[in-house]
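Comments concern the structure below.
The values are calculated or read from the model by the stated rules, or taken from the named source; none is laboratory data. Everything numeric here is computed off the predicted structure, so don't read it as measured data. Cβ atoms come from the backbone with ideal geometry, glycine included; neighbour counts cover every protein chain shown. Accessible surface is based on the protein model in full, side chains and every heavy atom, while ligands, DNA and RNA are left aside. Shrake-Rupley method; radii C 1.70, N 1.55, O 1.52, S 1.80 Å.
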Amino acid sequence: MGLGLLFASALAGQQSQFQGSVPIGTASSTPLALTLRDAIARGLKANLGLLVSGSASETARGQRVRGLSALLAEGSGGVSETVEQLNLKTNGFNISIPGVSIPTIVGPFHYTDVRASASATVFDYNKWKNYRSSQESLRAAQLSYMDAQDLEVQAVANAYLQVIDDASRAEAVRAQVLTDQALYDRTVDQKKAGTSAGIDVLRSQVELKQQQQRLLAQENQLAKDKLSLGRVIGLPIGQDFNIAESVPFSPLTSMTREEGLRTALDQRPDYQSAKAQVRAAEETVRATRGERYPTVGVTGDYGDVGPTINNSHGTFTFVASAKFNIFDGGRIGSDVIQAKAALKQRQDELADLGGQIDYQVRAAFLDIQSAADQVEVAKGNLELANQTLAQARDRFAAGVTDNIEVVQAQQSVASANDNLISALSGHNLAKVALARALGAADQGIRKFMEVK
């Protein structure tokens, strides 16, 4: 049970480790075409959080083997050569008989002993229940490792989608720069022709510079988020790559909220791990109570002993024993109290995790629906903004108004683009969150997202 707790606390306290990795391989000069599936596969091999979780699982396996060894027989063997001289007076042998000389110094003499010994536990309730507890702790650690895989998949998918989001924003800003450049060029031509005021040139130039600045900032953010994705999946240091896929908008129709809630409780690895930790704590309580029960064991040895190997005789010892607890000063009672407290904590944590999973699933469905509605609104808003921009440009070209309307319309288009990109990104991130909330995140992402 103790190792299960250690694993769970380490996993909860080291979420930042899923943003790091152990780089694998050497960088090539040719940029990689990175797909989402390839990114996830790389992350499963190199992500630091997953590697740490795997080490904890191996530690749990070692504890289970140790618990089993306490129930199995142990054997040993040895060969000894003894040379000895005794002073019988030290053992109280000091007899004096008149006329008889009795030596008190015996030896030196020597003998050889070749012997094998074994011991076994016939009955020890405490050790048996501790072994059962270690089995459940190992099960909990293995399930926690599976949960760590889900966390890694979520981290990779989020980082991948963030790069797609950055690239979309950079493309939108780049298109805005081209539009502003065209407006600036037209304004300069109209000023030369005497149909536009100098303030219009300045206004269009300011707008152009602002969009160029936005583009520089967005391209820098794209480059940084690509570095972050490379860190998450363990790309070789210095390896350049390009996103090979886009994620189109597709409403979620394959699962209802009620189905999601049932699925999450059935397959979430961390929930099953918490259940295993509760079972391990229950076995620990039984093991602690079992300290009051008698234990039965046997020991024995057999060997040849004599002055030489050729002049020896077989000897053996066999002992069967039973031990009873008579008085422990309250130690066992205090151990039981602590074990029960640990069990109550595991039960409370399991109940809390069940509520957390319910919240995560419901919140993910709400976010998906909200984001889908926002996408539809953002699409309509972008269409209207583009129509407004077209009319403003026509009015400016006809000399009906100055370019304030055009600049404002362009800003509306940029804002509408940002809103649409944010809504699309929020929808996809909510799908990733749902896949994580249900467990088996890799399969869920493939099911919910249509990656092209």
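Here are a few things to note about the model shown:
- Dividing the summed helix terms, -39500 (n - 2.57) for each DSSP H run of n ≥ 4, by the number of residues in the chain produces a 222 nm estimate of -23000 deg cm²/dmol to the nearest 500.
- Other residues with beta-carbon under 12 Å from the beta-carbon of Arg279 carry, at +1 per Lys or Arg and -1 per Asp or Glu, a net charge of +3.
- Cα gyration tensor, the stretch 67-121 - rounded (a/c under 1.5), prolate or oblate: prolate
- By the compact-protein rule of thumb, 2.2 N^0.38 Å, the alpha-carbon radius of gyration of the stretch 297-370 corresponds to a ratio of 2.69.
- Paramagnetic label zone (point 7 Å from Cα along Cα-to-C-beta, Gln221; backbone N under 15 Å) in the stretch 419-445: 419-426
- Averaging the sequence gap over all C-alpha pairs within less than 8 Å and six or more residues apart, then dividing by the number of residues, gives the stretch 354-450 a relative contact order of 38 percent.
- Along the axis of the charge dipole computed for the stretch 196-342 (Cβ charges of +1 for Lys and Arg, -1 for Asp and Glu, origin at the Cα centre), the listed residues Val247, Gly329, Ala264 are led at the positive end by Gly329.
- Across the options Ala46, Ile368, Val79, the greatest Cα extent toward the positive end of the charge dipole of the chain (unit charges at beta carbon of Lys, Arg, Asp, Glu) belongs to Val79.
- Net charge of neighbours whose Cβ lies under 12 Å from the Cβ of Gln221, counting Lys and Arg as +1 and Asp and Glu as -1: 0
- Subset of Lys224/Lys447; Lys224/Lys379; Lys323/Lys344; Lys129/Lys344 violating a 25 Å alpha-carbon distance limit: Lys224/Lys447; Lys224/Lys379; Lys323/Lys344
- DSSP bridge pairs, the chain: antiparallel proportion in percent, nearest 5: 90 percent
- Segments 318-330, 259-271 sorted - mean Cβ within 10 Å per residue, highest first: 259-271, 318-330
- Of interest is the spacing of the C-alpha centroids, which for the stretch 154-212 and the stretch 269-328 amounts to 79 Å.
- When you count the other C-beta atoms within 10 angstrom of each residue and take the mean per peptide, 302-310, 332-340 line up highest first as 332-340, 302-310.
- Restricting the calculation to Cα atoms, the chain shows an Rg/Rh of 1.32 when the hydrodynamic-style radius is the Kirkwood one.
- Across the chain, C-alpha contacts under 8 Å between residues 6 or more apart give a mean separation that, scaled by the residue count, equals a relative contact order of 24 percent.
- Rounded to the nearest 20 debye, the dipole magnitude of the stretch 330-452 is 580 debye, with +1 charges on Lys and Arg beta carbons, -1 on Asp and Glu beta carbons, and the Cα centre as origin.
- The stretch 357-372 - phi-based ³J(HN,Hα) in whole Hz, Karplus 6.51/-1.76/1.60, Gly and Pro as x: 5, 4, 5, 4, 5, 5, 5, 5, 5, 4, 5, 4, 5, 4, 5, 4
- The stretch 231-236 - phi-based ³J(HN,Hα) in whole Hz, Karplus 6.51/-1.76/1.60, Gly and Pro as x: 5, 5, 9, x, 5, x
- The lysines whose alpha-carbon is closer than 22 Å to the alpha-carbon of Lys209, local same-chain residues fewer than 8 away aside, are Lys191, Lys192.
- Glu258, Glu81, ranked by accessible area, largest first (probe 1.4 Å): Glu81, Glu258
- Sorted on the mean count of surrounding Cβ atoms within 10 Å across their residues, most packed first, peptides 342-355, 125-138 read 125-138, 342-355.
- Fully extending the segment from Asp266 to Gln387, taken as 0.36 nm per residue of separation minus the present Cα-Cα distance, adds 38.5 nm.
- Charge dipole magnitude, Cβ of K and R +1, D and E -1 - the chain, Cα centre, debye nearest 20: 600 debye
- Using the Karplus relation 6.51 cos²θ - 1.76 cosθ + 1.60 with θ = phi - 60°, the per-residue 3J(HN,Hα) values for the stretch 255-261 come to 7, 8, 5, 5, 5, x, 5 Hz, with x marking Gly and Pro.
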